[in-house]
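Please read the structure below before turning to the comments.
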Amino acid sequence: MVPSRKGEPMGASRAIRSRAATALMVLAIAAPQAAPARELPSSAVMIDGDDRLSPAAFAEKNGLSRQQLASRFGATGLVRCGGAVGTGQLVGAGNVIVTAAHMLFAPDGLSRDRKALCTFEIETSGGRQVVPIRLADTLCGSREPYADPAMRDWAVVPLERTVPGVRPYPLGSALKVPGRLVLVAAARTGGVEAHSLQHCRARVQTARAPDGLREVAIDCDAEGGTSGAALLDEEGSFQGVYVGFRSAHPGQPGPFSMSHYNFGVTAEGGLRRAIMDVVSRHQPLSAAAD
């Protein structure tokens, strides 16, 4: 396996390679169009071919109107933190996002941005919103995700304010394995914004935590920028978060196997409780007029 974590500066990858030959490759998004193997970035893990679609192409293929696409799959945006660019999404509330922990925390456990000035960016009906992340209030599986098992590489983070005009993804039922899913991502290698959606499948459970959270191998396609992307059901309910890949030949397409796959963690156990906790604690206050 080739070790690395994506959505991060190149120097960090070299440091991780020196740490452990069995480390995880953690990616970050999807390019919306297929590319020959020789043109794929080394972080890309394509299962057979590249089946990712642009939002417009996904809507057309699945008979969805623009409004239906936005309602079901429109809560995904960019996470920017220091030199890292990846994916995050509103889950449970308009001021709470879920992403991968390594999008926010460097290998030393500190914020990727020295001033903790990380942001969530998303297109809404009212225009583009850039909202600061309240990094100090993060609940996550680990603030040192490179040192811990991949199942702890998730983060639930409140925002400084609510994003208007977006339907947050509701928490869904447990992800079925094997079972269908939709992977929604917002960026690609090099921090380029490129939203994509893909129908794919959860194939095999690769690990399980005592609290019920599972790590699941998926046959979705991904590359640098997909880290933190949403695993959704057909109706746009949140079932998990993309973490990374394990591959003996990243950058070269191949069939799904236990030496060539992408993976995520399910919205169960500690992750599910963290989402409910952060949503509850950061509900916007309101009062009825007398």
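The values are calculated or read from the model by the stated rules, or taken from the named source; none is laboratory data. Predicted model, so just to flag it, every value in this text is computed and none were measured. Positions of Cβ are backbone-derived with ideal geometry, glycine not excepted, and every protein chain shown enters the neighbour counts. What goes into the accessible areas is simple: the full protein's heavy atoms, side chains included, and nothing from ligands, DNA or RNA. Shrake-Rupley method; radii C 1.70, N 1.55, O 1.52, S 1.80 Å.
In table form, for the structure just shown:
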read-out	value
Segment K176-Q283, length gained on full extension (0.36 nm per residue, minus Cα span)	35.5 nm
Accessible solvent surface per residue of segment 165-260, calculated while the other protein chains remain in place, 1.4 angstrom probe, Å²	34
Zone residues, segment 75-91, relative to A56, backbone N less than 15 Å from point 7 Å out along Cα-to-Cβ	none
Calculated from backbone phi, Karplus (6.51, -1.76, 1.60) coupling profile of segment 107-124 in Hz, x at Gly/Pro	x, 7, x, 8, 4, 5, 9, 4, 9, 6, 9, 9, 9, 10, 10, 8, 7, 10
Within the accessible area of segment 152-290 (1.4 Å probe), percent carbon and sulfur	52
Amide H partners (placed H, <5 Å) of R208, local residues excluded	E215
Rg and Dmax [Cα atoms of segment 162-212; Å; Rg one decimal, Dmax integer]	14.9, 38
Extension gain (nm, one decimal) between S65 and M276, 0.36 nm per residue minus Cα-Cα	72.9 nm
Surface accessible to a 1.4 Å probe, R203 within the full protein complex, Å²	100
Peptide ranges 132-141, 226-235 listed from the most packed, as the mean C-beta count within 10 angstrom indicates	226-235, 132-141
Among 102-111, 209-218, 260-269, the order from most to least packed when residues are scored by Cβ within 10 Å on average	260-269, 102-111, 209-218
Relative contact order of segment 82-148, defined on C-alpha pairs under 8 angstrom at six or more residues apart (%)	31
